[in-house]
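Let me begin by presenting the structure, written as structure tokens, before commenting on it.
Each value in this text was obtained by applying a stated rule to the coordinates, not by laboratory testing. In this text, all values refer to a predicted model and were calculated from it rather than measured experimentally. Please note: Cβ atoms are built from the backbone with ideal geometry, for glycine as well, and neighbour counts cover all protein chains shown.
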Amino acid sequence: MTKFIFVTGGVLSALGKGIAAASIGTLLESHGYKITLQKFDPYLNVDPGTMNPFQHGEVYVTDDGAETDLDLGHYERFTSTRTSQENNWTQGRIYESIIKKERKGVYLGKTVQVIPHVTDEIKNAFFSVADKNDIVIVEIGGTVGDIEGAPFLEAIRQMRLSLGEKNTLFIHLTLVPYIKTSGEQKTKPTQHSVRELRAIGIQPDIILCRTDRFLKKELKAKISLFTNVPLDAVITAKDVDNVYEIPLIFAQQDLDKIILSKLDLPKKTRRLSQWKAMVDRIKNPKDTVNISLVGKYAGLHDSYLSLKQALDHGGIANQLLVNISWVEAEILEKDDPKKILAQADGILVPGGFGTRGIEGKISAVRYAREQNIPYFGICLGMQCAAVEYARNVAGLKKANSTEFQAKTPHKIFFKWRELKGIRDLGGTMRLGAYSCKLQKGSLAERIYGKGTIHERHRHRFEFNPEYEDILKRSGLVISGKNPDYGLVEIIELKGHPWFLGCQFHPEFKSKPLQPHPIFKSFIGACYENRKKRHIDRRKI
Ligand code: GLN
């Protein structure tokens, strides 16, 4: 029978519940168990697709095209699970389904209530991924005590009642702050948060304490006494430099063994040597490489979370530390790119929406193309690369994308639904995994080492097929195309050390143990450029 682990959070948000849940996944997989993770978010939006990434962080896209919470990215990076729509549920989606059923008369005139109807719907969602897994780790978003989260907590309480202690486990993440003035770590917030949980009938089995230092035995004993959790199940979740260290910190304290024994599952051999070696590589880079990320920030780097991770993975693959300079694209509209991007060993324009900063991004592309600096354009970054090429190489001075200028005489990119023959696909965005055939001998084919790939999309605008030949004639290489619709997926430049734009988001599939080949190659090329630049400088 599938076992369930429920991870809740107390005291405040942003304690790293997603990473804690993902790290538990890493540990259980290391014993050979088949696991997956789910995220339940208490808000009433049906999915995060329409939520502002500057407030909520990036929208993570799965193979099946679900627009999900960024924690699903952690789940995929830390474990081998492949997530889907069934791995992310919001309260809005739960209610949407209940209201639809109510309108259809499914409830046969009964009063539709939070208990049992909402809680039953939530429990069904827990079971939606149970079949193929030994253990499902369920992360409940928000903080215990929030009004919105109550139905989820009630549902997990009922899960314990119906499945029993050996099949369900409650893990609670809290904060143990260090108070500088008194030089002490304080347990009171943890006590309060667990009291809150117990008041609704949930006794945690394990407590993860987020702290800046390892908890001393006496402090663990105090937490144990006040929360009714056995001493060995009070675990330090210490701050770390790199998130990939967390599974190792948990393993040090035998969290995996405690979980398996509580769930009455045999402990197999813990196999973490590959993971440890990866963390060692992160800690011992041979050199650094500077990447300028030209985008739109509004202060929240979490809106590019998977991208940042994938760049780090490219660093791991090359044993390099990747320094990211976050360059506001608008600055490049006023200032000389030579000055702003002087330190860049490589330039990346990530995905994005809207017109702000577009001309700045296009000038970054031009600078990278003309100065032979490795350039990587993702989705919007590919649009910018194609437009720049059309304007400055193919001579179509007024070329643009209809996303930026609806009435441009040369629509290099336009809304994909306007393409003939694909109107029936539904939705306004191309979402999820699509296949792409790579051109023999191209940079893309060399990078992937195969002829067909599958990558995830999230966009409305596509390369206009009318301009394919025109741009090809002036030297642009179209190295990847979707075989079903003939859509352009990858563009490159001949005679440039490394220049690639892709319509998809490769960052969603990169993992620390399997760095994405494009990121690996890009970081490698940036490092070559760095070495060359240093040699050139010495010559001067
Ligand atoms: N805004 C562009 C589009 O919708 C690019 C989206 C993206 O970069 N993901 O096509």
_Could you tell me the calculated FRET efficiency between Thr452 and Leu108, based on Cβ-Cβ distance and R0 = 56 angstrom, to the nearest 0.05?_
0.65
*In the chain, what % of DSSP beta bridges are antiparallel (nearest 5)?*
30
_For Phe461, what residues show an amide H to amide H distance below 5 Å, using hydrogens built from the backbone and excluding near sequence neighbours?_
Trp416
_Range of Cα positions in the chain per principal axis (Å), largest first_ = 73, 65, 43
*If you add up the charges near Val118, with Lys and Arg at +1 and Asp and Glu at -1, over every other residue whose beta carbon is less than 14 angstrom from its beta carbon, what do you get?*
0
*Can you give the alpha-carbon Rg of region 269-406 over 2.2 N^0.38 Å, where N counts its residues?*
1.19
*Relative to the first principal axis of the alpha-carbon coordinates of the chain, what is the inclination of helix 517-539, with its axis defined by its Cα atoms, in degrees from 0 to 90 and to the nearest 10?*
60
_If I model a spin label as a point 7 Å beyond the Cα along the Cα-Cβ vector, how far apart are those points for Asn167 and Gln319 in nm?_
5.0
*Residue pairs, from the table Lys339/Lys440; Lys334/Lys481; Lys34/Lys186; Lys437/Lys472; Lys257/Lys286; Lys361/Lys415, whose Cα atoms sit over 26 Å apart*: Lys339/Lys440; Lys334/Lys481; Lys34/Lys186; Lys257/Lys286
*Overall dimensions of region 310-378 as given by Cα atoms, namely Rg and Dmax in Å*: 12.5, 36
*Using only the Cα atoms of region 59-171, construct the convex hull and provide its projected area averaged over every direction, in square nanometres to one decimal.*
8.4
*Taking Cα atoms of region 82-233, Rg/Rh with Kirkwood Rh, to two decimals?*
1.05
*Where does the charge balance sit around Thr227 when Lys and Arg score +1, Asp and Glu -1, over other residues with C-beta under 12 Å from its C-beta?*
+3
*For the pair Ile179 and Phe353, how long in nm is the line joining their label points, each one 7 Å along Cα→Cβ?*
4.4
*Enumerate the calculated ³J(HN,Hα) couplings along region 410-416 in order (Karplus 6.51 cos²θ - 1.76 cosθ + 1.60, θ = phi - 60°), each rounded to whole Hz, writing x wherever the residue is Gly or Pro.*
10, 7, 6, 10, 8, 5, 5
_What does the extension gain come out to for Ser128 and Thr50, with contour length at 0.36 nm per residue minus their alpha carbon separation?_
25.7 nm
_Which aspartates and glutamates, if any, have their Cα less than 18 Å from the Cα of Lys216, not counting same-chain residues under 8 positions apart?_
Glu184, Asp232, Asp239, Asp254
*When the chain is fully extended, how far beyond the present Cα-Cα distance does Ile331 get from Lys472, taking 0.36 nm per residue of separation?*
47.6 nm
*With +1 on each Lys and Arg Cβ and -1 on each Asp and Glu Cβ, and nothing else charged, work out how big the dipole of the chain is about its Cα centre, in Debye to the nearest 20.*
1060
*Distance (nanometres) between label positions extended 7 Å along Cα→Cβ at Ser13 and Leu513*: 3.1
*Where the centre of each part is set by its Cα atoms, how far does region 6-64 sit from region 436-467, in angstrom?*
30
*asked:* Sorting check: for 347-358, 173-184, which peptide has the highest mean count of neighbouring beta carbons within 10 Å, and how do the rest follow?
replied: 347-358, 173-184
*Kindly state, to the nearest 0.05, the FRET efficiency for Ala342 paired with Glu218, given R0 = 60 Å and r defined as their beta-carbon distance.*
0.65
